[in-house]
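Note sheet for the following structure.
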Amino acid sequence: METTAISNAKKTEESALDFISQPSPEALQAALAEGRIDKLTIPQRLELLAATCKSMGLSALSRPFEFITLSGKMIMYCRKDGTDQLRKIHNVS
């Protein structure tokens, strides 16, 4: 029963994020190579968020990350929702 619920939740998340296929090369270069998240457009930030969540096995719909500004630089901060999911995935207590 629980696996069915998890499967349904994953399908819901996948369909909710259908508009994001692959992050554009420009978004990846600006964010990863140059660390310029603040220079990304909102759609590019969503691409980065979705790609990060997918690569880590996190549910993007639970808001595991938040964009915040620290010392004048925008960063993608992992919220408690994200750390809880990561602990569950990696069996850390």
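Considering only region 47-65, state which residues are open to solvent by less than 70 Å² (accessible area, probe 1.4 Å) and either assigned to a helix (DSSP H, G or I) or without any contact (Cβ under 8 Å) to a residue 24 or more places away in the chain (or both).
Glu47, Leu48, Leu49, Ala50, Ala51, Thr52, Cys53, Ala60, Ser62, Pro64, Phe65, listed by residue number.
Across region 29-44, what is the number of residues that are surrounded by 18 or more Cβ atoms within 10 Å (Cβ to Cβ) and at pLDDT 80 or above?
The qualifying residues number 3.
The values are calculated or read from the model by the stated rules, or taken from the named source; none is laboratory data. Quick caveat, the model's predicted, so the values are computed rather than measured. Quick reminder, even Gly has a Cβ in these numbers, built from the backbone with ideal geometry, and neighbours come from all protein chains shown. Note: accessible area is taken over every heavy atom of the protein model, side chains too, but ligands, DNA and RNA are not part of it. Shrake-Rupley method; radii C 1.70, N 1.55, O 1.52, S 1.80 Å.
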